[in-house]
Structure formats: C-alpha cells, structure tokens
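For reference, the structure discussed in these notes is given below.
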Amino acid sequence: MRKKLYPLLSLFIPLIIILAAFAASHVYPFGDYNSFISDGNGYYINYFAYWKRVLNGQESLLYSFTKNLGGSTVGLIAYHLLNPFLILLSFCTLDKFPLIYTIVILLTISFCGLTMYIYLDECFKNHGSNLIFSTSYALMGYCVVNRWQVQWLTGVVLFPLVALGIKKLLQNKSVLLY
C-alpha cells in the first residue's frame, strides 16, 4: 500500500518544496515578485497572450499579423507554446497571467519528479531511493534556475519518458512509449 503512494509523493514533494521557496522569496501569489523575468517579461508573455487568443478563436493558428508585418506562427507554436500546461492560460484573463504562469511552473517542475519516478521505478523496481532521486531530478539546478522558461522545462519533463521508451525499444518490448 505504501509503495502505491510513491508516485503521488514524487509529484507533491517537489511541489511543496517549490511552493515553500516561492513563499519565502515573496514570489506571486505570495508577494510582489513574479516569474516574468528576463525573456519571460520581454516576449514570452506576448507569446502566451497570442496563444490565448488562438485558443479562444480570436487569432489564426497558422498566421498572425501581430508578428512584424505578418508571418507564419507554426514555428512559434512548435517551439514555445506546446507545453500542455499552457492550456490553463485559455481559462484566465490577462491580469491573471502571473498566477497561471506560476502554476504552470509549479506543475512542470512537479511533473519532472513524477516522470523521473516512473523511469526509475521501471529500472529499479520498488527501490526506496527512487523517490529521493526523482525529487532531486525535479529540483535540480537547471529546473530551478530556468523555471521561468517553461518551454525548456517541457523537455526535462519528457526526457525520462523518452529514455524509458528507448529502453523498451532496445529490449524489444513496446515501441508505443517511444
């Protein structure tokens, strides 16, 4: 029974730790600082506003006139906006973007822990340290320092699943995960 809680713990332990760090650092919603720093403030917020307009049917998915004199947005969508957690932006107004962006960061880092736990559990069945290493993976320096670049963190979330897919492929098991 206790081992069945490990996947949930691998999701919630990083979430609680990051929430505590955000509260201690006075990051929104616990204070006045938000995660729209550097490029996040410079252009990601504009991308997310565009993505919200696309999801609400107010903007074209393939072409936008908001891009200089107009242009294709396929590369923008593929490169920056396909984080599945960004769908949350379609349910909020622009003034709630800092809160939703913080939630996306929290979910992304938490899911890093869960996907690494899934990989480790497949490789080292029911080993107690899997929870420690999955939490360490979620809270590694790359994730914490680059938390505001959610498009880079999507790769960190998916990496353990890709590695597990390759492992299963090489073992002549299922190619479905890969």
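Here are a few things to note about the model shown:
- Meets criteria (open to solvent by 50 Å² or more (accessible area, probe 1.4 Å) and under 23 Å from Ala21 (Cα atoms)) for Ile166: no
- Only a single criterion out of (1) touching a Pro at 6+ places or on another chain (Cβ under 9 Å); (2) modelled with pLDDT of 85 or more is not satisfied by Thr154, namely (2).
- Restricting segment 77-100 to residues that are at pLDDT below 75 and in contact with a Ser or Thr (Cβ under 8 Å, 6 or more places away or on another chain), the residue that is least open to solvent (accessible area, probe 1.4 Å) is Asn83.
- For segment 136-167, the tally of residues that are among the small types (Gly, Ala, Ser), under 18 Å from Leu11 (Cα atoms) and either without any contact (Cβ under 8 Å) to a residue 60 or more places away in the chain or touching a His at 6+ places or on another chain (Cβ under 7 Å) (or both) stands at 3.
- Taking segment 26-65 as the range and being in a helix (DSSP H, G or I), charged (D, E, K, R) and modelled with pLDDT of 75 or more as the test, the residues that pass are Lys52, Arg53.
- Across segment 101-135, the qualifying residues are those that are closer than 12 Å to Leu15 by Cα and of a type in the set (Gly, Ala, Ser), and the one among them that is surrounded by the fewest Cβ atoms within 10 Å (Cβ to Cβ) is Ser110.
- Some residue of segment 10-24 being open to solvent by 60 Å² or more (accessible area, probe 1.4 Å) and modelled with pLDDT under 85: no
The values are calculated or read from the model by the stated rules, or taken from the named source; none is laboratory data. Source: prediction; values computed, not measured. Please note: Cβ atoms are built from the backbone with ideal geometry, for glycine as well, and neighbour counts cover all protein chains shown. Heavy atoms of the whole protein, side chains included, go into the accessibility calculation; ligands, DNA and RNA do not. Shrake-Rupley method; radii C 1.70, N 1.55, O 1.52, S 1.80 Å.
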